[in-house]
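Trainee: Below are the structure tokens for one structure; questions will follow.
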Amino acid sequence: MEFKHVSVLLDECIEGLNIKPDGTYVDGTLGGGGHSKEIAKRLENGMLIGIDQDRNAIKKAREVLKQYEDRVIFVNDNFSNIKNILFKLNIEGIDGLLLDLGVSSHQLDEGERGFSYKQDAKLDMRMNSKAKISAWDIVNSYSEEELHRIIKDYGEERWAKRIAEFICTEREEKTIDTTLELVEVIKKAIPSGARKGGPHPARRTFQAIRIEVNDELEIIRKTIMDAVKQMKRGGRICIITFHSLEDRIVKETFKELSLSCVCPPELPVCMCDKKREVKIITKKPIVSTEEELSENSRARSAKLRIAEKI
């Protein structure tokens, strides 16, 4: 299948990174290479480190960035390992980090990966094909309580309890092996009236399972903290999120790093010795224009937040 990818909030990210021609930048979610190509274009003596845990993404990005290969280092790893990656590359400081936390278009479109609720495939959803736990393991081995928790918390699904119950009942008869088998169980769990007029009934549950498989939320705060420590003064961190849980983590982490004191207000003198590490560039998140939305419906829930190392 052809690798298709449309970069979300592209111009806004490039402007937000405030790229220096001799700077060192990290694209932690290389994907189809769209954002990376625009960063690489603006570099002269600078360097771009492109990270992705998906080998297919690395392969495609190499093609997209072929004319800039003299200034790009490709790393097949998870962006949460940024500290170790930079250490191995002997890079002491970076001028910017970009994270696009959405599933890239090719992963959704590539049916056999099991990310899509519109195509039949084995339940998988692993961004890193070497990861031990897949969507099949979660759907067929998690307890009803665990399923309820992740579908409710990560999918923000109002019918989470019923969906968890129906999954557990279904798997008593046989394992749930494919994406469309899971879709049918979800449709049975959600009353027909609640399925009219809204998004696809399986969208939130698939999102929740994907987040659990790839440990997506746990690594966001850690990555921001590690990246800021590796960032030069004036360096920018740009993060695109696609649902409220991700956005909340980014917002709260940026806020935490922007504070110069976290002592309780009743203390007369600061005792925490905390230092302000970033200033927040985006008081409110940047969202897609109507023009972008008309060309790329997947950008509808995208939010970009930017912070600068001080």
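The values are calculated or read from the model by the stated rules, or taken from the named source; none is laboratory data. As the structure is a computational prediction, the values presented were derived from the model and not from experiment. Here Cβ is always computed from backbone atoms with ideal geometry, including for glycine, and neighbour counts include all displayed protein chains.
Trainee: Scan the stretch 263-278 and give yes if some residue there is free of Cβ contacts under 8 Å to residues at least 24 places away in the same chain and surrounded by 13 or more Cβ atoms within 10 Å (Cβ to Cβ), otherwise no.
Mentor: Quick first cut of the stretch 263-278, residues free of Cβ contacts under 8 Å to residues at least 24 places away in the same chain only: 263-275.
Then keep just the ones that are surrounded by 13 or more Cβ atoms within 10 Å (Cβ to Cβ); that gives 263, 274.
Yes, the conditions are met somewhere in the stretch 263-278.
Trainee: Answer with yes or no whether K59 is assigned by TED's automatic domain parsing to the domain that holds A227, surrounded by fewer than 23 Cβ atoms within 10 Å (Cβ to Cβ) and free of Cβ contacts under 8 Å to residues at least 24 places away in the same chain.
Mentor: Numbers: assigned by TED's automatic domain parsing to the domain that holds A227: yes; surrounded by fewer than 23 Cβ atoms within 10 Å (Cβ to Cβ): yes; free of Cβ contacts under 8 Å to residues at least 24 places away in the same chain: yes.
Taking the combined requirement at face value, the residue satisfies it.
Trainee: Can you tell me which residue in the stretch 177-199 is farthest from I209 (Cα to Cα), limited to those that are assigned to a helix (DSSP H, G or I) and basic (K, R)?
Mentor: The qualifying residue farthest from I209 (Cα to Cα) is R195.
Trainee: Confirm whether Q207 is surrounded by 18 or more Cβ atoms within 10 Å (Cβ to Cβ) and not charged (D, E, K, R). Spell out how you get there, then give the answer.
Mentor: Working: surrounded by 18 or more Cβ atoms within 10 Å (Cβ to Cβ): yes; not charged (D, E, K, R): yes.
Criteria met by Q207.
Trainee: For the stretch 49-92, name all the residues that are more than 20 Å from I220 (Cα to Cα) and not in a helix (DSSP H, G or I).
Mentor: Result: L65, V72, I73, F74, L89, N90, I91, E92.
Trainee: Could you pull out the residue among L89, L17 that is of a type outside the set (F, W, Y) and either within 30 Å of A202 (Cα to Cα) or crowded, with 16+ Cβ neighbours inside 10 Å (or both)? It would help to see each step written out before you state the result.
Mentor: Details: L89 fails: either within 30 Å of A202 (Cα to Cα) or crowded, with 16+ Cβ neighbours inside 10 Å (or both).
None of the other options fit; the residue is L17.
Trainee: Here is a further query. Take the conditions touching a residue at least 60 places away in the same chain (Cβ under 8 Å) and of a type in the set (D, E) and apply them to E156. Does it pass?
Mentor: Judged against the criteria, E156 is a match.
Trainee: Considering only residues of the stretch 125-176 that are crowded, with 16+ Cβ neighbours inside 10 Å and hydroxyl-bearing (S, T, Y), which is farthest from the chain's Cα centre (by Cα)?
Mentor: For the stretch 125-176, the residue satisfying everything is Y142.
Trainee: Which one is surrounded by the most Cβ atoms within 10 Å (Cβ to Cβ), of the residues in the stretch 210-222 that are closer than 15 Å to L99 by Cα and of a type outside the set (A, V, I, L, M)?
Mentor: At the first step, the residues of the stretch 210-222 found to be closer than 15 Å to L99 by Cα are 216-222.
In the following step, the residues that additionally are of a type outside the set (A, V, I, L, M) were identified as 216, 218, 221-222.
Numbers: E216: 20, E218: 12, R221: 15, K222: 14.
Of everything passing the filter in the stretch 210-222, E216 is surrounded by the most Cβ atoms within 10 Å (Cβ to Cβ).
Trainee: Considering only residues that are touching a residue at least 12 places away in the same chain (Cβ under 8 Å) and of a type in the set (G, A, S), look in the stretch 289-310 and name the one that is surrounded by the most Cβ atoms within 10 Å (Cβ to Cβ).
Mentor: Here the answer is A307.
Trainee: Please pick out the residue among L259, L267, L180 that is under 25 Å from R158 (Cα atoms), hydrophobic (A, V, I, L, M, F, W, C) and out of contact with any strand residue (DSSP E or B) (no Cβ under 9 Å at 6 or more places or on another chain).
Mentor: L180
Trainee: Checking E252 against (1) surrounded by fewer than 21 Cβ atoms within 10 Å (Cβ to Cβ); (2) of a type in the set (D, E); (3) touching a residue at least 40 places away in the same chain (Cβ under 8 Å), only one condition comes out false. Which one?
Mentor: Among (1) surrounded by fewer than 21 Cβ atoms within 10 Å (Cβ to Cβ); (2) of a type in the set (D, E); (3) touching a residue at least 40 places away in the same chain (Cβ under 8 Å), the lone unmet condition for E252 is (3).
Trainee: Which one of V8, V72 is crowded, with 22+ Cβ neighbours inside 10 Å, more than 16 Å from M127 (Cα to Cα), modelled with pLDDT under 95 and of a type in the set (A, V, I, L, M, F, W, C)? Explain how you work it out, then say what you get.
Mentor: Working: V72 fails: modelled with pLDDT under 95.
It is V8.
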